[in-house]
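The values are calculated or read from the model by the stated rules, or taken from the named source; none is laboratory data. All values derive from a computational prediction rather than experimental measurement. Cβ sites come from the backbone with ideal geometry, for glycine too, and all protein chains shown count toward neighbours. Ligands, DNA and RNA are excluded from the accessible area calculation, which covers all protein heavy atoms including side chains. Shrake-Rupley method; radii C 1.70, N 1.55, O 1.52, S 1.80 Å.
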Amino acid sequence: MVGTKNRVPDLVAVQCAAHGHEAVVVAVTGGVLVLVGGLAPDAESAAAQVARLGEALAGKLSAILAARVCVGVGEVGAHLQQAAESRRTADLALRALLSRDGLGTVARVGEVAETVTMLRIVDTLREMPLPPELPVTRSAAYDAEHGGALIDTLRAYDR
């Protein structure tokens, strides 16, 4: 299995070629990036080609690796300078797919927009400094000092 995981970039390149796509495949931590060239000239057809390729890659690699493989599909661009934005949207879609079950294995950012938005909100909240004296903090301190069960009561009520 370890040898197969090390060959993922090669497996992806072969699958891209098998589907008639020119592709540059780069290994990155936890996966691969794929830049696909030679797509249809109109955006709608090109997007459909990339979606089909994503489905094929997820299916084939899941079978080979015996694990769930997710593919975040970036927005199709007509020019190479759009590759960075495509990667950004692919990363957002992939993060959404990996964040919870039930979203499938392949998606564009627009298909998982609600999850992407919630993840961004959570990221923003993590970065915000919270007041040191929240009611739950005071309750936990009271429990610790007096052997109380206020926090346990809140947990039970929350369920």
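Against the chain, whose longest principal axis is taken from its Cα atoms, helix 113-127 shows a tilt of about 50°.
Rounded to the nearest 10 degrees, the angle from helix 8-18 to the longest Cα principal axis of the chain is 40 degrees.
Of the solvent-accessible surface of the range 82-159, computed with a 1.4 Å probe and all protein chains present, 59% belongs to carbon and sulfur. Separation of the range 1-58 from the range 92-144 is 30 Å, based on Cα centroids.
Solvent exposure of the range 1-101 amounts to 60 Å² per residue of accessible area, where only protein heavy atoms count and the probe is 1.4 Å.
With the Kirkwood sum run over all distinct C-alpha pairs, the chain has a hydrodynamic radius of 18.6 Å. Between Thr153 and Leu80, the simple spin-label model (points 7 angstrom out along Cα→Cβ) gives 6.7 nm. Going by alpha carbons, how many degrees (0 to 90, nearest 10) lie between the helix axis of 43-65 and the longest principal axis of the chain? So the helix axis and the longest Cα principal axis differ by about 70 degrees.
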